[in-house]
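The values are calculated or read from the model by the stated rules, or taken from the named source; none is laboratory data. What you see is a predicted model, and the numbers here were worked out from it, not measured in a lab. Cβ coordinates were reconstructed from backbone atoms using ideal geometry, including for glycine residues, and neighbour counts include every protein chain displayed.
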């Protein structure tokens, strides 16, 4: 219980249709193909209230100078009125190293989420990533990623007037993992996006999670997600959502 409370407290840092592409990252990705699979069940409160079941998959292909990865997610959820939710996304990203710490990156994303009235979302963007470790005399303690860039966003909402947007957004993220031993790690990912022509239109997504490893392949993951959109596209939508999840992660 203490571990769960610590995770929740760390999560209260401060997005309507933002999604997470960092939390499935394998911290020590080896050269070659790395894959992991995560299943989750959870409870969500905010614009929608429901129990959820989801499946996430990530594949990384790593060389000495390049890193290509793809992330996919499908969610099937029932709310208290028995309505069935459909949601999913796919995200592809390419990174090329400049030096030990810096990489340039480019990405594509496609997404839908019917309970958020998001019929279709398409992204294309790129930027710069900075990564480094904090170590003691024996082992690494923290692993940190910082990223910043620009993206083009197209959204189509499933409402009466078929509301759509075409925006240029600045996009940044901060990902930190605490790794006291090889059986346990605690991570927190913070995303921040804003319309470069409207400073009041901004979004946050924070995902904090605890990963407890049983063996090399199998882990239990406890997570808490908080989303905030300062300017939802329609008044019926609340500015926030939060979500608790418990899941099983398979790495191979």
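For this structure, a couple of remarks:
- Residues satisfying the stated conditions in the range 132-152, i.e. within 20 Å of residue 93 (Cα to Cα), over 17 Å from the mean Cα position of the chain (by Cα) and modelled with pLDDT under 95: 132
- Among the conditions (1) part of a strand (DSSP E or B); (2) farther than 30 Å from residue 136 by Cα; (3) in contact with a helix residue (DSSP H, G or I) (Cβ under 9 Å, 6 or more places away or on another chain), the only one that residue 201 does not satisfy is (3).
- Filter result for residue 40 (at pLDDT 80 or above and either in contact with a strand residue (DSSP E or B) (Cβ under 8 Å, 6 or more places away or on another chain) or in a strand (DSSP E or B) (or both)): no
- Residues in the range 222-248 that are closer than 27 Å to residue 37 by Cα and touching a helix residue (DSSP H, G or I) at 6+ places or on another chain (Cβ under 9 Å): 222, 223, 224, 225, 226, 241, 242, 244.
- Only one entry in 145, 152 is assigned to a strand (DSSP E or B) and farther than 25 Å from residue 185 by Cα, namely 152.
- For the range 150-181, residues that are within 29 Å of residue 235 (Cα to Cα) and touching a strand residue (DSSP E or B) at 6+ places or on another chain (Cβ under 8 Å) total 21.
- All positions within the range 234-249 that are modelled with pLDDT under 85, more than 16 Å from residue 203 (Cβ to Cβ), in contact with a strand residue (DSSP E or B) (Cβ under 9 Å, 6 or more places away or on another chain) and surrounded by fewer than 17 Cβ atoms within 10 Å (Cβ to Cβ): 246
- In the range 43-65, the residues that are modelled with pLDDT of 75 or more and not in a strand (DSSP E or B): 63, 64, 65
- Count of residues meeting criterion [loosely packed, with under 13 Cβ neighbours inside 10 Å and either touching a helix residue (DSSP H, G or I) at 6+ places or on another chain (Cβ under 6 Å) or modelled with pLDDT under 90 (or both)] in the range 165-186: 4
- Failed item in (1) more than 30 Å from residue 156 (Cα to Cα); (2) in a strand (DSSP E or B); (3) modelled with pLDDT under 90, with residue 212 passing the rest: (3)
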